[in-house]
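Engineer: I'd like to ask some things about the structure below.
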Amino acid sequence: MKYAYYPGCSLGAAAREYDSSLRAVCQRLGIELAEIEDWNCCGATPATTLDPLLSLALAARDLATVERQGLAMMAPCPGCYKNLRKASLSLAKDEELRQRVNETLGGAKLQRSPEVRHPLDIIVNDVGLDNIPVEKPLQGLKVACYYGCAITRPRGGFDNPENPQSMDRLMETLGAEAVPFPYKTKCCGGAVFLPREELALELTAKILAKAKASGANCVAVGCPLCHLLLDMYQFKVEARAGMTFNLPILYFSQLMGLAMGVDEKELGLERLAVSPASLLREEWTQATA
Amino acid sequence: MADQKILRLGEKAPSEEMAALKETVASCMQCGTCSASCPVTRAMDYTPREIMRLIMTDMEEAVLGSQTMWVCASCYSCAARCPRDIEITDLMLRLRSIAIKKGYQPRADVAFYRHFMSIVRRYGRMLEPELMIRYGLTTNPLKLLGMAPIGLTMLRRGKLAFKPDLIKGRREVREIFDRVEGGGE
Ligand code: SF4
Ligand code: SF4
């Protein structure tokens, strides 16, 4: 199993632990990742805001490289995933548009659009839950699975946009309890948090409060922006909302790594703002399977 | 014939860009599912359903001068549920680019998007600290102080990159910006 890996800008900086834990887990699962050579930023929402054609063209440069690799792309950041998937689909459908976009590319042109996939999709559907080697089941962890917006939307992706299941099933496979969580796909405001911080903090507060009320002792995510707001901004959200959450927010790949017995150095748990140390010490029963 | 004038809601014929959008929303039945699904209507001046109505009735200035598309968090909740399969989120993003082109633009939001893209134009990739600093300086330098505690926590956890991750194809990327008219700075 081999995929063209598109880390995107966040996984080299704010979401380093997502990158290292995902790479480690993939290696364990026999998934080979070939990082896309000289990839550029997909432009995220700012490119679309300024010019839809610019957004397509930036995506097309990356897609064309992947096309030469002859692989499907794995994009762990849902912002990139959504952008690249949308671009790939619309350029496959619209010949005239593809030509216009190709004219803006100095290097390789795009012929056929490669497939763009999120790692959750690949792990659940290509590897299969039965093939995940669980060494230390996550007993005692009550996980609220927070998918956010772009893992399941726009619709037509790999999971249900209203009530997605892939991460819940994955957590159960790892031995954790996936608590019923009604805000699975409610927006955290990540895409507007710099120009509209107050709004994002308000949305994030709702998600954290609901996770707590659902009986979760931690939250699993698959998005650097969700993670930034839920984890790094948690103390700010607490101050503003006058509540205490103290909820560790982990990438699904970090939880996988713990259960699969991956070397903790690669999981980057010390990079989290809300430390999961006491949760893991006190709640994780660590019965070896 | 006199009645016709009363029935005509918009003041002017729509511009080319808005006429194209009008076609994409023609099937809207004003059910309000989009507004009910939207997490941020509180901060909007018009709800997504109202925006549809304003587009249908050629109220171009109200639409393009509105805050709605700038508040939109691109969460696709509305688009996932619209019974008429209207791509509402894409439409919001399109409204932003039309508003910029026609000179309606909330300063802070546009400053953010421009800084973001000028960094991508130069390095080929994002450099978050530079974005925060540039954005802070052009909008509200005091806000930078407010960001300091988070910046420090991120720094201690090795989550900030201070050197740009320069790609080899920078020229290629710059040329993409240049060939796409109106992109970038
Ligand atoms: S959900 Fe769709 S049909 Fe209903 S009001 Fe919104 S845009 Fe119109
Ligand atoms: S995409 Fe924008 S308009 Fe639609 S529900 Fe989300 S925030 Fe509201």
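The values are calculated or read from the model by the stated rules, or taken from the named source; none is laboratory data. Bear in mind that the values here come from a model prediction, so they are computed numbers and not experimental data. Here the Cβ positions follow ideal geometry from the backbone for every residue, glycine too, while neighbour counts run over all protein chains shown. Accessible surface areas use protein heavy atoms only, side chains included; no ligands, DNA or RNA. Shrake-Rupley method; radii C 1.70, N 1.55, O 1.52, S 1.80 Å.
Engineer: Provide the solvent-accessible area of B:MET132, counting protein heavy atoms only and rolling a 1.4 Å probe, rounded to the nearest 10 Å².
Structural biologist: 40
Engineer: Report the full-extension gain for the segment B:ALA108 to B:ASP85: residue separation times 0.36 nm, less the Cα-Cα distance, to one decimal in nm.
Structural biologist: On the way: separation 23, 0.36 × 23 = 8.28 nm, distance 3.17 nm.
Extra length from B:ALA108 to B:ASP85 when fully extended: 5.1 nm.
Engineer: Per 5 Å bin, what percent of the C-alpha pairs of chain B does each bin hold, from zero upward?
Structural biologist: It works out to 1, 7, 13, 14, 15, 14, 13, 10, 6, 3, 1, 1, 0, 0, 0, in whole percents.
Engineer: Please report Rg (one decimal) and Dmax (integer) in Å for the Cα set of segment B:16-101.
Structural biologist: 11.3, 31
Engineer: So how exposed is B:THR47, as accessible area in Å² (1.4 Å probe, rounded to 10)?
Structural biologist: Number for this one is 40 Å².
Engineer: Return the subset of A:LYS109/A:LYS265; A:LYS2/A:LYS186; A:LYS186/B:LYS143 for which the Cα-Cα distance in this structure is over 29 Å, preserving the input order. Spell out each step's value before the answer.
Structural biologist: Numbers: A:LYS109/A:LYS265 40 Å; A:LYS2/A:LYS186 32 Å; A:LYS186/B:LYS143 27 Å.
Correct reply: A:LYS109/A:LYS265; A:LYS2/A:LYS186.
Engineer: Then there is this: A:GLU37 to A:VAL134: FRET efficiency via 1/(1 + (r/R0)^6), r the Cβ-Cβ distance, R0 41 Å, to the nearest 0.05? Spell out each step's value before the answer.
Structural biologist: Numbers: r = 34 Å, r/R0 = 0.84.
Efficiency computed from Cβ-Cβ geometry: 0.75.
Engineer: Hey, another quick one. Relative to a virtual label point 7 Å from the Cα of B:LEU145 in the Cα→beta-carbon direction, which members of segment A:237-259 show backbone nitrogen distances below 18 Å?
Structural biologist: none
Engineer: Please get the size of the charge dipole for the protein assembly as shown, origin at its Cα centre, with Cβ charges of +1 on Lys and Arg and -1 on Asp and Glu, quoted in debye to the nearest 20.
Structural biologist: On the way: 60 positive and 56 negative charges, 144 e Å.
Charge dipole of the protein assembly as shown: 700 debye, to the nearest 20.
Engineer: Extension gain B:SER27-B:GLU61, at 0.36 nm per residue separation less the Cα-Cα distance, in nm? Don't skip to the end; give the middle numbers.
Structural biologist: On the way: separation 34, 0.36 × 34 = 12.24 nm, distance 2.19 nm.
The span from B:SER27 to B:GLU61 would gain 10.1 nm if fully extended.
Engineer: While we're looking at this one, here's another question. Within segment A:41-65, list the residues whose amide N lies under 14 Å from a label point set 7 Å along Cα→Cβ of A:GLN111.
Structural biologist: A:64-65
Engineer: Another question, then. Please report, in cubic angstrom per residue, the volume enclosed by the convex hull of the alpha-carbon atoms of the protein assembly as shown.
Structural biologist: Details: hull volume 67.3 nm³, N = 474.
For the protein assembly as shown, the hull spanned by Cα atoms encloses 142 Å³ per residue.
Engineer: Which of these, A:LEU258, A:LEU279, A:LEU174, has the largest mean-square fluctuation under a Gaussian network model of chain A (Cα springs below 10 Å)?
Structural biologist: A:LEU279
Engineer: At a 4.7 angstrom Cβ threshold, list every cysteine in chain B that has nobody to pair with, or say none.
Structural biologist: Cys with no partner Cβ under 4.7 Å: B:CYS28, B:CYS31, B:CYS38, B:CYS72, B:CYS82.
Engineer: May I ask you to list the lysines whose Cα is less than 27 Å away from that of B:LYS12, ignoring any residue fewer than eight positions away on the same chain?
Structural biologist: B:LYS22, B:LYS101, B:LYS102
Engineer: Nearest 100 Å², what total accessible surface is buried between chain B and chain A (probe 1.4 Å)? Show your work: numbers first, answer last.
Structural biologist: Values: alone 11990 and 12860 Å², together 19490 Å².
Heavy-atom accessible area buried at this interface is about 5400 Å².
Engineer: Show the residues, 5+ positions off or on another chain, whose built amide H is closer than 5 Å to the amide H of A:LYS2.
Structural biologist: A:GLU32
Engineer: How big is the accessible area of A:ARG28 in square angstrom, nearest 10, if you roll a 1.4 angstrom probe over the protein chains?
Structural biologist: We get 110 Å² for A:ARG28.
Engineer: Stokes-Einstein diffusion coefficient for segment A:2-117 at 4 °C in a medium of 1.567 mPa s, Rh from the Kirkwood formula over Cα pairs: what value in µm²/s?
Structural biologist: Details: Rh = 14.3 Å.
It diffuses with D of about 91 µm²/s by this estimate.
Engineer: If you average the sequence gap of Cα pairs under 8 Å that are 6 or more apart and divide by the length of chain B, what percent do you get for the contact order?
Structural biologist: Numbers: 182 pairs, mean separation 31.6, N = 185.
Contact order relative to length: 17 percent.
Engineer: Would you mind calculating the relative contact order of segment A:134-288 from Cα pairs under 8 angstrom and at least 6 residues apart, reporting the percent as a whole number? Spell out each step's value before the answer.
Structural biologist: Details: 258 pairs, mean separation 47.7, N = 155.
In percent, rounded to a whole number, it is 31.
Engineer: Oh, and also: Express the relative contact order of chain A as a whole percentage, based on alpha carbon pairs under 8 Å and six or more residues apart in sequence.
Structural biologist: Numbers: 510 pairs, mean separation 60.8, N = 289.
Answer for chain A is 21 percent.
Engineer: Could you give the DSSP H helices of chain B that reach 18 angstrom or more along their long axis (alpha carbon positions) and whose average Kyte-Doolittle hydropathy is no lower than -1.0? Could the numbers behind the result be given before it?
Structural biologist: Values: long enough: B:88-101 (20 Å, 0.76); B:107-123 (24 Å, -0.24); B:141-156 (23 Å, 1.00).
The answer, listed by residue number, is B:88-101, B:107-123, B:141-156.
Engineer: May I pose another question? Over segment A:230-282, what portion of Cα pair distances is larger than 12 Å, expressed as a whole percent? Display every interim value, and only then the final one.
Structural biologist: Numbers: 911 of 1378 pairs.
For segment A:230-282, the share of Cα pairs beyond 12 Å comes to 66 percent.
Engineer: Using R₀ = 51 Å, calculate the FRET efficiency as 1/(1 + (r/R₀)^6) where r is the Cβ-Cβ separation of A:ARG169 and A:LEU97; round to 0.05.
Structural biologist: Details: r = 37 Å, r/R0 = 0.72.
Result of the calculation: an efficiency of 0.85.
Engineer: In addition: For segment A:134-288, just list the percent of Cα-Cα distances falling in each 10 Å bin from zero outward, please.
Structural biologist: Result, from short to long distances: 12, 43, 35, 10, 0 percent.
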